[in-house]
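> Mind having a look at this structure? Questions to follow.
Read-outs: derived from the displayed coordinates by stated rules, not from any lab. Predicted model, so just to flag it, every value in this text is computed and none were measured. Quick reminder, even Gly has a Cβ in these numbers, built from the backbone with ideal geometry, and neighbours come from all protein chains shown.
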2 protein chains.
Amino acid sequence: MNRVGIQDVARHAGVSTATVSYIINNKKSVSAETRKRVERSIKELGYKPNAIAQSFKTGKKNLIAFIVPDIANNFFSTLIEEIEGVLASRHYKLMILNTKETKIREIESINAVSSGIVDGIILASTMDSYSEIKSILPQSIPTILIDRELKDCPADSITVNCHDAVCRGVEDLIGKGHRKIGYITGLMHISTTVERLDAYKETMQQHGLCDPALIRIGDSMSHCVKGHLDSLIAAGCTAVVITNNVMATEAMLQMLDEGIRPGRDIEILGFRDSDQAQYGLQHMDLIIQPTKELGKVAGRRILDRISDPAGLQQRIELQAIFMPREKT
Amino acid sequence: MNRVGIQDVARHAGVSTATVSYIINNKKSVSAETRKRVERSIKELGYKPNAIAQSFKTGKKNLIAFIVPDIANNFFSTLIEEIEGVLASRHYKLMILNTKETKIREIESINAVSSGIVDGIILASTMDSYSEIKSILPQSIPTILIDRELKDCPADSITVNCHDAVCRGVEDLIGKGHRKIGYITGLMHISTTVERLDAYKETMQQHGLCDPALIRIGDSMSHCVKGHLDSLIAAGCTAVVITNNVMATEAMLQMLDEGIRPGRDIEILGFRDSDQAQYGLQHMDLIIQPTKELGKVAGRRILDRISDPAGLQQRIELQAIFMPREKT
DNA sequence: TTGAAAGCGCTAACAT
DNA sequence: ATGTTAGCGCTTTCAA
């Protein structure tokens, strides 16, 4: 049960601990012969460097934390996947902390992580504002915001601009003759929700079509869609904008089940991720987020930020695109 | 940028580092006055104990690794949620490692984790057999298998027995007069897949109905269902067993989209998790896995195992239940 | 090319 | 109740 340490290896191979360390990290030139001997000892003894001791000594953990609102959401699990890929190529691991869109769990997660166990933090925050976490977010740990912005936060951010795509989508609906276009939001305290809603209002206003009675406040996670959709249909909407992937999929299931034919009985403008091959979504107009790209860029950015902690703040913005449906 | 250490606090409060340590961990009795003074110093200096140094010294990391095949699968994200809950109550954190059902990523994950950064490992393995990971699975770290068993593995395991529920479900189908009952499997190298398939074959055999031509090999993740379902229908099946939650949901979407009415045109026996409120699933007969319970039990078990590393191996088996559909 | 030895920041046994 | 101090297992400087 006693773990074998670098001492044991050194003794077994008849060298100093320094030499073993050099070999583990191939830091200095070591004669081929010694290297061979030490490597044999390592294998024989089954030696594994104690990662905690290494981190303690060097200060490097090769670990990034991703604080994420909902791992079951395809958007975020795609993000995780992509970030992991980028990090793995640089020998970093990703630690995932799931907040379930609650502030308390976000705070707990930030606290857990600010004890110095990670080299960097990627945060998709569920907070209303930066002030709510300003005091607990450790300035000593490189941090970047992903997907959702926090006003006045000095950290780097990587976001997706959906404003233009939403405008285009709504324009398209209007162009097809729709006048009563309903809208189901995500969680209202999140920056992306506000951005998208503003784009919708703006466009509707430009055509003199804006009607607050056609807006429903949703959450991005669970089962709020049914009621909203029914009530918008009852209100006479011929088209509905549903502003995230989870809700769009749910709406799809529900409509199919009730015999409402999206694309015929009602027009839906939904959201999906870059590579989401969700069955049924082909009946909707879609706004497609560059989710994979978002993850990749975030992965690269946190790594760069770690190697240059003092660099200037960066705000990176990717663009979503509007794609009309294929099928009826 | 220089992190403040326990030394700084001690100096600032005019006490020894030991006293500060006692207060942080409230280990020994400290006079109310000293405590107050030290706590003020901690606040003033913004001191946060270096978690790595603590772990280094004590050997405790308060971290459990969960190596999981697919975080986007509701079954596993529910598991994560429940395990997190149990661990949080004992001040443990969960580190999630997503293998995407690939062996290579499982091996990488095990290696990453066996450098001693966690106190315990929960593994939902995607391997064919224990021999594939026997040499890399660290015996010094408490490990439990969840959901999927690995023959001959000496670790504890927590699984869900679906055998009886599948038998009952298939019996029920037969009782309703179905004779050609198709079957779509999960990944064939996984223990749960085999268990379920055996139960199906067994039951069909008992009624002289077993026909290998009615079995389709699926994977549990992606988009294999459509083809299989179509071909089973073409083969004359009046009922189909779909043996995990992801595939069941996908089949649902597809059938609705194609105007096939589950529960009327075709009978489906699907799977879902304890609390999965997926729209549309009410048209299927269902086998319900006690997913939340599974997570809770696993969380408790790993904690117990950590406090008693030498205890006898435990194999815990929960039972799935069969539930006929509500709606037509 | 190799080795001796000084810590990294903290905990806890032991002493006072 | 509080302080002194010896490490935990490793890396790395400096010397040989």
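> What share of the DSSP beta bridges in the protein assembly as shown is antiparallel, in percent to the nearest 5?
10
> Nearest 20 debye, what's the magnitude of the dipole of segment B:181-254 about its Cα centre given +1 on Lys and Arg Cβ and -1 on Asp and Glu Cβ? Don't jump to the answer; show the numbers that get you there.
Values: 4 positive and 7 negative charges, 16 e Å.
Dipole magnitude for segment B:181-254 comes out near 80 debye.
> Highest GNM mean-square fluctuation, chain A, Cα pairs closer than 10 Å: which of A:141, A:104, A:242?
It is A:104.
> Enumerate by residue number the trypsin sites (Lys or Arg not before Pro) in segment A:131-162 meeting two conditions: DSSP loop (anything except H, G, I, E, B), and at most 11 other Cβ atoms within 10 Å of the site's Cβ.
Hits after loop and neighbour filter: A:151.
> Per residue, how much space in cubic angstrom lies within the convex hull of the C-alpha atoms of chain A?
Numbers: hull volume 56.0 nm³, N = 328.
Taking the convex hull of the Cα positions in chain A, it is 171 Å³ per residue.
> Between B:24, B:133, B:80, which gets the highest mean-square fluctuation from a Gaussian network model of chain B, Cα cutoff 10 Å?
B:24
> Here's another thing I want to ask about it. Dipole size in debye (nearest 20) for segment A:3-50 around its Cα centre, Lys and Arg Cβ +1, Asp and Glu Cβ -1?
Roughly 80 debye, rounded to the nearest 20.
> Oh, and also: Among B:183, B:154, B:123, pick out the residue whose Cα is farthest towards the positive end of the charge dipole of segment B:116-187, where Lys and Arg carry +1 and Asp and Glu carry -1 on C-beta, about the Cα centre.
B:183
> Additional query: Within 10 Å of each Cβ of A:241-251, how many other protein chain Cβ atoms are there on average?
For peptide A:241-251, the averaged partner shielding equals 1.
> Quick one: which of A:100/B:48; A:60/B:48; A:93/B:48; A:134/B:28 span more than 28 angstrom between C-alpha atoms?
Over 28 Å apart, Cα to Cα: A:134/B:28.
> A follow-up question, please. If you take the square roots of the eigenvalues of the alpha-carbon gyration tensor of the protein assembly as shown and sort them as a ≥ b ≥ c, do you get rounded (a/c under 1.5), prolate (a/b over b/c) or oblate?
Since a/c reaches 1.5 but b/c is at least a/b, the shape of the protein assembly as shown is classed as oblate.
> Let me ask another. For residue B:226, list the aspartates and glutamates whose Cα falls under 13 Å from its own Cα; do not include residues on the same chain fewer than 8 positions away.
The qualifying aspartates and glutamates are B:250, B:257, B:258.
> Express in whole angstrom the spacing between the alpha-carbon centres of segment A:1-69 and segment B:166-207.
Centre-to-centre distance over Cα atoms comes out at 51 Å.
> For segment A:64-104, state which trypsin sites (Lys or Arg not before Pro) are in a DSSP loop and have at most 13 other beta carbons lying within 10 Å of their beta carbon.
Answer by residue number: A:90.
> For peptide B:53-63, what's the mean number of Cβ atoms from other chains within 10 Å of each residue's Cβ? Let's see the in-between values first.
Values: counts 5, 4, 7, 7, 2, 0, 3, 0, 3, 3, 3.
Average neighbour count from other chains, rounded to a whole number: 3.
> Residue B:61: which aspartates and glutamates have alpha carbons under 16 Å from its alpha carbon, excluding same-chain residues fewer than 8 sequence positions away?
B:84, B:119, B:304
> Would you mind telling me which residue in B:169, B:280, B:85 has the biggest mean-square fluctuation in a Gaussian network model of chain B, where springs connect alpha carbons within a distance under 10 angstrom?
In the Gaussian network model the winner is B:280.
> Of B:314, B:15, A:280, whose Cα points farthest to the positive end of the dipole of the protein assembly as shown (charges on the beta-carbon: +1 Lys, Arg; -1 Asp, Glu; origin at the Cα centre)?
Going by the charge dipole, the pick is B:15.
> Give, rounded to the nearest 20 debye, the magnitude of the charge dipole that the protein assembly as shown has about its Cα centre when Lys and Arg contribute +1 at Cβ and Asp and Glu contribute -1 at Cβ.
2860
> Give the angle, between 0 and 90 degrees and rounded to the nearest 10, that separates the Cα long axis of helix B:245-258 from the longest principal axis of the Cα atoms of chain B.
50
> Now, a different point. Would you mind estimating how fast segment A:1-113 diffuses translationally, via Stokes-Einstein at 37 °C and 0.692 mPa s with the Kirkwood radius over Cα pairs, in µm²/s?
194
> Now for a different question. Rounded to the nearest 5, what is the percent of antiparallel bridges among the DSSP beta bridges in chain A?
Antiparallel bridges make up about 10 percent of those DSSP assigns within chain A.
> Can you spot the lysines whose alpha carbon is less than 18 Å from residue B:180's alpha carbon? Ignore those fewer than 8 places along the same chain.
By straight Cα distance, residue B:180 reaches B:201.
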